[in-house]
Amino acid sequence: MNDSIAMTGVATACRSCGASDLVPFLSLGRMPLVDAFVREEDRAEPDPRFPLGVALCPSCSLVQILETVPPETLFVENYHYFSSFSDALLDHARRNVESLIASRGLGAESLVIELASNDGYLLQFFRDRGIPVLGIDPSPGPAEAAIAKGIPTLREFFGVELAWRLRREGRRADVIIANNVLAHVPDLNGFVAGIGILLADDGVAAIEAPYLKDLIDRCEFDTIYHEHHSYFSVTALSALFRRHGLSLNRLEHHPIHGGSLRIFVERRENTSPIVREYLAREEADGLARPAYYRDFAARVASVRDDLLRLLRGIRARGGRIAAYGAAAKGSVLLNYAGIGTDLIEFVADRNIHKQWRYMPGVRIPIRAPEEILREMPAYVLLLAWNFKDEILRQQAAYRERGGRFIVPIPRPEII
Ligand code: DWN
C-alpha cells in the first residue's frame, strides 16, 4: 500500500447534469479507502486518506461526494467484497431473478447481462434456469470466483466502449441487471449511455441503488464513502435516465442495505403510478432543496457522540467490546468516530478474504465469527446493521450466554 495514489480531482460540477451550484452539507473528514483491509505485512505503511465531503445538486437533486478516487484503486487493487457471504442478499437476488424470468418470459433465447456481477451471486440463478448470462466486473477476486462457478465474466469496467463492442458482436441484452454499481461509477452519464447502447429495443434494465431518502431519514451516514460517488432520489434517477432516452417506468422499494430502490428502465415511456407517487413525495419533502439536508451534519455528529459515550462507559466499567461485520460502512463509522483498539478488541467477519487483516485506518484486527464465542465480550458493536436479523439469528448462542449487541444506526441502541 502506498500513499502516492493520485486523486482524480475534486468535483465542481454535478456528476449527472453538470450544474456548478453544488451545495455541500456534510464532511466526514479525511477517510481511508473503506474496503482496503490492511495485510499484516503492510501494517507499517500509513493508510492513504482522502477528504470525504458530500453535496447536493439543486438542479437535478443528485447528492454526490466531491472527491474522486480512481476506480482502479477502489475496485481492482483493494476490493475484497464478495456478495455471497450474506444469505439475506442471496435470497434477495434469487427472488429478483425469479420475478424477472416470469415477468419477461425469459428463456434459452434470452440474454441477461449483469454490470458489477461480483462473484456470480445473482447470475447463477439465471444460469441454473438455462438462461444465457454474461457478467461484467473489474474486481479480480469476485470475477475469478464467478468464473470458477461457470459464469462467463468479463473482467472490465463497463461503459460506452464496452457496450458498443458487445453490440457489434450481436450481444444485446433482454435484461440488464446493475445492483449497487450506479453509485460506484464516476462517469454516470457514460455508464447510463452504455446501458442504452447494450439494451435490446424491448429490453429492461433492473437497477438497484441505496435510496437517498432512507439514508437521510435514518441517518445512515456510514454508507457514504469514496466508492459511492452518488446518492440517488427517484427524481435524480429519472432525470439521469431520461437524458439518455430511457424511461424510469417502475420501481420497488426494498429494505436491503438500509433501504434500496429497484428501478425498471425501458426505452418506451410507460410511467407507473408508484413512480409518480415517489416523485410527488420527494417534491413535497424538498429533496431537491438544501433545507432538507441542513440538520443532517448535526444529527450525524450526535450519533457519533452518543456511540462514543456508550462505548467509553462500557470500557470504564471494565466491559469488553468486539464488533461484527468488516463492512465498508463499518470502516466509515469507526474512522469518523475515532473508535480504535482502545474500545474494540476485534471485528468478526465471515468473509475469509478479510480475516487476519485489519480495518482500514483504525487497524482493529479482523477475525472469524467463532472468536466471539471464544472470547465472550460483553458487547458486540454491529457494524453490518443492515443484516441485523441474519446476524442475530447466527449469533443466538452468544446472546443466550448473555452477550449483547449494540446497533449504531439510526441511533445507538443495545439489544
Ligand atoms: O455498495 C456496496 C455495498 C452494497 O456492499 C459495496 N461498495 C461494498 C459493500 O458495502 P459493505 O461492506 O458495507 O456491505 P455489507 O454487505 O453490509 O458488508 C457486510 C459484511 O459483513 C461483509 O464483510 C460480510 C459480513 N457478514 C458476516 O460476516 N456475516 C455478513 C453477514 C450477513 C454475516 O452473516
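The values are calculated or read from the model by the stated rules, or taken from the named source; none is laboratory data. Everything quoted here is computed from the prediction, not taken from an experiment. Every residue, glycine as well, gets a Cβ built from its backbone with ideal geometry; the counts of neighbours run over all protein chains shown.
Anything in the range 236-255 that is assigned to a helix (DSSP H, G or I) and buried (at least 20 other Cβ atoms within 10 Å of the Cβ)? List them, or say none.
Pass one, the range 236-255, residues assigned to a helix (DSSP H, G or I): 236-242.
If the condition is that a residue be assigned to a helix (DSSP H, G or I) and buried (at least 20 other Cβ atoms within 10 Å of the Cβ), then A236, L237, S238, L240, F241 are the ones that fit.
Taking R367, is it in contact (Cβ under 8 Å) with a residue 12 or more places away in the chain and buried (at least 18 other Cβ atoms within 10 Å of the Cβ)? So that I can check it myself, show each step before the final result.
Values: in contact (Cβ under 8 Å) with a residue 12 or more places away in the chain: yes; buried (at least 18 other Cβ atoms within 10 Å of the Cβ): yes.
Criteria met by R367.
Can you confirm whether S110 is farther than 21 Å from H228 by Cα and either of a type outside the set (K, R) or touching a Lys or Arg at 6+ places or on another chain (Cβ under 9 Å) (or both)? If you could, list the steps in order and put the result at the bottom.
On the way: farther than 21 Å from H228 by Cα: yes; either of a type outside the set (K, R) or touching a Lys or Arg at 6+ places or on another chain (Cβ under 9 Å) (or both): yes.
Yes, satisfied.
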Single residue of I314, I321 found to be touching a helix residue (DSSP H, G or I) at 6+ places or on another chain (Cβ under 7 Å), more than 16 Å from the ligand (Cβ to nearest atom) and modelled with pLDDT of 95 or more: I321
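This table checks each residue for (1) surrounded by fewer than 22 Cβ atoms within 10 Å (Cβ to Cβ); (2) assigned to a loop (DSSP other than H, G, I, E, B); (3) on the phi > 0 side of the Ramachandran plot; (4) within 11 Å of the ligand (Cβ to nearest atom).
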site	(1), (2), (3), (4)
A326	no, yes, no, yes
D342	yes, yes, no, no
E345	yes, yes, no, no
Q355	yes, yes, no, yes
R374	yes, no, no, no
R393	yes, no, no, yes
I406	yes, no, no, no
R411	yes, yes, no, no
Criterion (buried (at least 18 other Cβ atoms within 10 Å of the Cβ), closer than 26 Å to A173 by Cα and touching a strand residue (DSSP E or B) at 6+ places or on another chain (Cβ under 9 Å)) met by exactly one of L89, L62, L111, L56: L111
First in the range 394-411 and of a type in the set (D, E, K, R), second anywhere and not in a helix (DSSP H, G or I), Cβ under 6 Å, 6 or more apart: R404/Y379; R404/I414
Selection from the range 128-178 of residues that are free of Cβ contacts under 8 Å to residues at least 40 places away in the same chain, charged (D, E, K, R) and crowded, with 18+ Cβ neighbours inside 10 Å: D137
Which numbered condition A209 misses (of (1) within 22 Å of L122 (Cα to Cα); (2) more than 16 Å from the ligand (Cβ to nearest atom); (3) hydrophobic (A, V, I, L, M, F, W, C)): (2)
In the range 212-223, residue surrounded by the most Cβ atoms within 10 Å (Cβ to Cβ) [restricted to those that are farther than 16 Å from V332 by Cβ and more than 16 Å from the ligand (Cβ to nearest atom)]: K213
